[in-house]
Amino acid sequence: MKRTLAIVLMLLASSTMFGQQVASRAKALRMLAFSRPEYQIKDIKVYTDTMTVYSLSRSVIYPFGEWKSVEQYITDNQLHWYREQSYRHYYDSMEVSVNRMRRVDDSYIDLYYSIWTKQVELLSGYVADPEIVLDNGLHVGMSKDDVFNVFFKKYPRSYTSDIAVLKVISGAGEVAEIYTFKGTKLRHIKIETAYKYY
C-alpha cells in the first residue's frame, strides 16, 4: 500500500512539473506574438519567476546608445560620473584600457573603446540610480508594466504578475540585460557581457 501511494505521488509530481513546463512554454509563445517588431524577438523562455527574451536588436548590445568616445557619452548624458581607469587582459596577449564610470550610489558601467568597431563598447554594468536612463527610456523606479510595454505591444497582465526577473539577451548571447523587480517596481538593472575579457 505504501509503495503504491509513493508511486502515485511520484506520478502526480512529475505530471504537475510537466504541466507547468507546458504552461510556461505556452505563455512564452503567446508573449512572442505580442513582441514589438523593433526588438526582433526570436524566442522567449519562462522558468518560475524569470522570463528570458532573446532579441536581435542592436539596442540590446548598446543599451546606453552608440558613442564614438567615452567623453562624448559623459558630455551628452550630463550626469556627474566618477571615472576610474584600469587595464584588462584581452585574449591573453594584450591589455586594453577600461573606463569604469561610477555614481555615488555604486551604480557603474565599464566601457572601452574598440579598435574594431571604432566606438565605445560596454563590458558590464549595475544601475540602481533612477537618474541613469537607458537609450530605450528604461530606468530604475519604473513600474513593471512600463518595462514590459517597452518590449511588448500588449499582453495579459497575468503573464507578468509572477515575473521577478526579466532577462533580455542579444542574439549571439554576448550581452544580457537583467531587470530585477521588487513588487511592481524596477529595483535595479544589471548588464553582463561574454566578451573575451578576463
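Checking each residue in the range 87-130 for being acidic (Asp, Glu) and either closer than 22 Å to Val60 by Cβ or buried (at least 17 other Cβ atoms within 10 Å of the Cβ) (or both) picks out Asp110, Glu121, Asp129.
Only residues that are closer than 15 Å to Lys182 by Cβ and of a type in the set (D, E, K, R) were counted in the range 112-145, giving 2. Taking the range 49-71 as the range and being assigned to a helix (DSSP H, G or I) and either in contact with a helix residue (DSSP H, G or I) (Cβ under 9 Å, 6 or more places away or on another chain) or open to solvent by 70 Å² or more (accessible area, probe 1.4 Å) (or both) as the test, the residues that pass are Arg58, Ser59, Val60, Glu71. For the range 169-198, the candidate set comprises residues that are of a type in the set (A, V, I, L, M, F, W, C), farther than 19 Å from Pro130 by Cβ and modelled with pLDDT of 90 or more; within that set, the residue that is surrounded by the fewest Cβ atoms within 10 Å (Cβ to Cβ) is Ala176.
Within the span defined as the range 129-139, one or more residues are touching a His at 6+ places or on another chain (Cβ under 6 Å) and farther than 29 Å from Asp43 by Cβ.
The values are calculated or read from the model by the stated rules, or taken from the named source; none is laboratory data. These numbers were taken from a predicted model, which means no experiment stands behind them. Because the Cβ atoms are built from the backbone with ideal geometry, glycine has one as well, and the counts that use them run over all protein chains shown. Calculation scope for accessible area: heavy atoms of the full protein, side chains included, ligands and nucleic acids excluded. Shrake-Rupley method; radii C 1.70, N 1.55, O 1.52, S 1.80 Å.
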